[in-house]
Amino acid sequence: MFGVSSVSYIAISGQVMEKVVKEARERPDEQVVGVLLGGQSGGTIVIEDAATGAAESNSTHATLTGDSIAKIADDIINKRIRGSIVGWYHSHVRGGVFMSETDVETQLKLQQFSPLVTAMVVDSQTGKSGFFRADSKTKGAIPIPPQNVRSEVAAPTPVTPSFGQAMYPQAPPPTPPMPVSTRTILVAVLLITLAVTGGIIALAYYRGPGTATTLAITHTPPKGPFRIGNTITFDANVTGVDLKNVTLAYRIIGREPTGGLIVGDLIKVPMLLKAAEKDTYSYTIPSSEISGLYVNYYISAFDGSNNAVRSDVYNLEVGDFDWALDRTDEQIVTRTIAGEVRLDLLPINGFNLPVTIRVGSPGPPAGVSIRTPSPVVPGQEQVVLRITATGDAEIARRYDVTIEAVYSPGGAVQFIRPITLVLTVTDFGFDIQPRYNEVKPDHEAPPYSLTVTVHDGFRAPNAFKVSITGLEKLEDKISWRLVLVEYKIDDQGTAKFNYNLVFKVESAAKKDLYLFTVKISAATTGGTISHDISSIQLKII
Amino acid sequence: MKLFVQAPIGPQTGLAEIDVIPDHTIGEIKQQVCTSFGVDPATVALMYGGIILDESGTVSKAGIPENGQLALMPYNIIGGSAR
């Protein structure tokens, strides 16, 4: 009764794979059995956990009892465990990885509910495993090719707390970059800071090629705080016989989006004698060149005999701002439901001036608007973007939107820090065909076909609810039923449910015209969304 | 009274809303929801609160409250290795 499914990819978390194989290998003399829990992401069934309970086991059979299944069902309904049953597992003590007749029978029993459920078989001697489905017509097993099965180690804590599709990679499966945990980033930053400090110390102990010389530099680093948009002036008192030139060598050390450091080119500029002050040389770095994290510099002086002297190397902290390390944030936007995205701005070196948030280019897809907050003070606030999509907004899958944080110190100068927001605009659609049917008594009306199209990213944790008004007016000679006939998902992640609404009219039914309204609703994050179709007609002739 | 029946098997799970009277038996309800879900009644059971419901018992005897959430699940899951 189900259509052929195109979902043939499986992603199983490394921990679950390990857990199931370990359970099988620890009991080499009897079979183990349990269920696989998870969800679906596009064309991939994602297995996130495994559960078991009391089972009757020997070397050739294992039965997970009804009571164990009832407990697991209760845990799912009451959300004590995440996701739903997407498969089952059991081990074979002998014979290796294959599907026995009993296994196919069990698999078909589960496939009645969904054709996407899979069977995982583990050889308890070798730890090898395989995934299968079954063909209801031939009663044969359908192995899922090993290249369609991925086992991967997930991040220790999922970034998204709710169970949702966007968390998972899409099929076909190129190995996605694993999310970097916060701990890794902190360690990386710490190591880089140490490395930079080390580099600066090394430079500080280096002195120029000069030998005995009368050259001398007296320099006090300028006093901060410094920040982007300001100039920095360096003064040095330089004395010596036959002094040729005084040079400021500086570079900007910035921060990469990933947390690494960008070390700018070393720029050497001549420092000029301040006419009014004897022996004082000076240079001002223009504001357009100043940015965080640091200005790293030293001053050197040369005389006519090729003697040189160099100051210590200094590091000035420059106040700046940027988005927190994670530069992309995926966000699902459901049409007609307002959503919020929270992004973290990161103040660098004590920066505390207002920053304006605006939508850059590319902007959001048609029908989607993003409201940005009034100027924010980095370090004090999260940036909250309010995203709304009209009912006509374009369904868009992974649409990149640039959000910019802008600091304007005055004049035409602007400092812009962009971040990419990945939006998925989603909804579900609903149609009924035909809208009118007529039927004679003692007949069944041709079915009304209800099609629910669920676009990628749409989350309805409590499933879809079909409610039909008008049925209460039917006389008792007319009965109805609603049957799920098909469930399909394409490789774009769009799911289609097909229900048939069938009316059966007994012989004594009166001639009449009935009107129905069919409403499909789903509770999703931020509110309930519903679509209805009214004036569905059934005429008894 | 209104009850919900969920079959948490498969990535997208169905939820059926049914109207029953307290004197309906669990067996009668099972027949009805099996038609909606398109599953063979012989292979499944209705469950509530972590236990399998007795099919000859009534809704009131089973102690299911208004808006109670039942689960429709297989009686058991059996793995075998006899070829």
(message) Name the residue that is surrounded by the fewest Cβ atoms within 10 Å (Cβ to Cβ), counting only residues in segment A:71-83 that are more than 7 Å from chain B (Cβ to nearest Cβ) and of a type outside the set (K, R).
(response) A:N78
(message) Tell me which strands (runs of 3 or more DSSP E) are completely within segment A:54-159 and hold 2 or more residues being in contact with a Phe, Trp or Tyr (Cβ under 9 Å, 6 or more places away or on another chain) and touching a residue at least 12 places away in the same chain (Cβ under 8 Å), or say none if there are none.
(response) A:84-92, A:118-123, A:129-135, A:140-143, A:149-152
(message) Which of the strands (runs of 3 or more DSSP E) found entirely inside segment A:402-451 contain at least 2 residues meeting this: in the same structural domain as A:P365 (by TED's automatic domain parsing) and of a type in the set (V, I, T)?
(response) A:413-426
(message) Exactly one of these conditions fails for A:G66: (1) in contact with a helix residue (DSSP H, G or I) (Cβ under 9 Å, 6 or more places away or on another chain); (2) facing another protein chain (nearest Cβ under 8 Å); (3) surrounded by fewer than 21 Cβ atoms within 10 Å (Cβ to Cβ). Give me its number.
(response) (1)
(request) Report, by residue number, each residue of segment B:1-36 that is among the hydrophobic types (A, V, I, L, M, F, W, C) and facing another protein chain (nearest Cβ under 7 Å). (result) B:A7, B:I9, B:L15
(request) Just give me the residues in segment B:36-54 being modelled with pLDDT under 90 and in contact with a strand residue (DSSP E or B) (Cβ under 6 Å, 6 or more places away or on another chain), in sequence order. (result) B:S36, B:F37, B:G38
(request) Name the single residue, out of those in segment A:89-119 being under 23 Å from B:Y48 (Cα atoms) and hydroxyl-bearing (S, T, Y), that is modelled with the highest pLDDT. (result) A:T106
(message) If B:L72 meets every condition in (1) more than 9 Å from chain A (Cβ to nearest Cβ); (2) touching a residue at least 40 places away in the same chain (Cβ under 8 Å); (3) within 25 Å of A:F132 (Cα to Cα) apart from one, which number is that one?
(response) (1)
(request) Specify the residue that is nearest to the other protein chains (Cβ to nearest Cβ); the eligible residues are those in segment A:508-527 that are among the polar types (S, T, N, Q) and over 17 Å from A:T451 (Cα atoms). (result) A:T524
(request) Among the numbered conditions (1) within 22 Å of the chain's Cα centre (by Cα); (2) farther than 18 Å from A:A324 by Cα; (3) surrounded by fewer than 17 Cβ atoms within 10 Å (Cβ to Cβ), tell me where A:S374 comes up short. (result) (1)
(message) Of everything in segment A:480-507, what is within 27 Å of A:K539 (Cβ to Cβ), more than 11 Å from chain B (Cβ to nearest Cβ), surrounded by 15 or more Cβ atoms within 10 Å (Cβ to Cβ) and polar (S, T, N, Q)? Give them in sequence order.
(response) A:N498
(request) Run down A:V86, A:V122 and say which single residue is facing chain B (nearest Cβ under 8 Å), within 33 Å of the chain's Cα centre (by Cα) and either at pLDDT below 95 or over 20 Å from A:N462 (Cα atoms) (or both). (result) A:V86
(request) Could you grab me the full set of residues in segment B:39-61 that are outside any helix (DSSP H, G or I) and surrounded by 17 or more Cβ atoms within 10 Å (Cβ to Cβ)? (result) B:V39, B:V44, B:A45, B:L46, B:M47, B:Y48, B:G49, B:G50, B:I52, B:L53, B:T58
(request) Determine, yes or no, whether A:D456 is closer than 22 Å to A:T334 by Cβ, of a type in the set (D, E, K, R) and outside any strand (DSSP E or B). (result) yes
(request) Looking only at segment B:22-37, count how many residues are surrounded by 15 or more Cβ atoms within 10 Å (Cβ to Cβ) and either more than 11 Å from the chain's Cα centre (by Cα) or closer than 16 Å to A:D74 by Cα (or both). (result) 3
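The values are calculated or read from the model by the stated rules, or taken from the named source; none is laboratory data. Remember, predicted model here, so these are calculated numbers, not experimental data. Here Cβ is always computed from backbone atoms with ideal geometry, including for glycine, and neighbour counts include all displayed protein chains.
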